[in-house]
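The structure under discussion appears below in the form of structure tokens.
The values are calculated or read from the model by the stated rules, or taken from the named source; none is laboratory data. In this text the structure is predicted, and so the values were computed from the model without any measurement. As a convention, Cβ positions derive from the backbone with ideal geometry for all residues, glycine included, and neighbour counts pool all protein chains shown.
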Amino acid sequence: MTASSAAGERTAPPGNRAHDRHWAAEMRSTIRCTGTILGLLLLVDALADTLTPTRAALSCGLALLLLLILFPPRITAGVGWLVVRGPWAGHRVRTDRLVSPAPREGPRNAWSCGTPSAAGSSSTRVF
């Protein structure tokens, strides 16, 4: 049984979801790394007597940029769907509509995965 969201997409009841159990640890590691870099930048500037409000703001901006780059994606899966969310956007894949992947012929080593369309043909993406 599925519940409906406001957008009309199929979602699973809360009990039927699988979450990335390592996400919280990865996020803590990201915050630790960012905090360490920020602390070292400020410490080096303070020891060299070059710490100014402008340099402190630049160090904080650099630490924030590093936090956004290292931010781990949050992955949630349910029956027939998979969601990957990052700091800005998320992507949803309906796994119940995927056709089995198959290797493509040709000079490139690629895999194709398609979804059946309403007209009976398939929409294919190459990976």
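Within the stretch 69-84, one or more residues are at pLDDT 85 or above, part of a helix (DSSP H, G or I), at negative phi and touching a Cys at 6+ places or on another chain (Cβ under 9 Å).
Contact annotation: residue pairs with Cβ atoms under 9 Å, 6 or more positions apart or on different chains, pairing a residue in the stretch 42-67 that is more than 19 Å from R32 (Cβ to Cβ) with a partner that is acidic (D, E) and surrounded by 12 or more Cβ atoms within 10 Å (Cβ to Cβ), are L51/D45; T52/D45; R55/D45; A56/D45.
So which residues in the stretch 12-41 are polar (S, T, N, Q) and in contact (Cβ under 8 Å) with a residue 12 or more places away in the chain? It would help to see each step written out before you state the result.
Within the stretch 12-41, the first condition is being polar (S, T, N, Q), and the residues that meet it are 16, 29-30, 34, 36.
Across the stretch 12-41, the qualifying residues are N16, T30, T34.
Mind telling me which of the residues S117, S100, S59, S121 ends up being modelled with pLDDT of 65 or more and out of contact with any Pro (no Cβ under 8 Å at 6 or more places or on another chain)?
Checking each option against the conditions leaves just S59.
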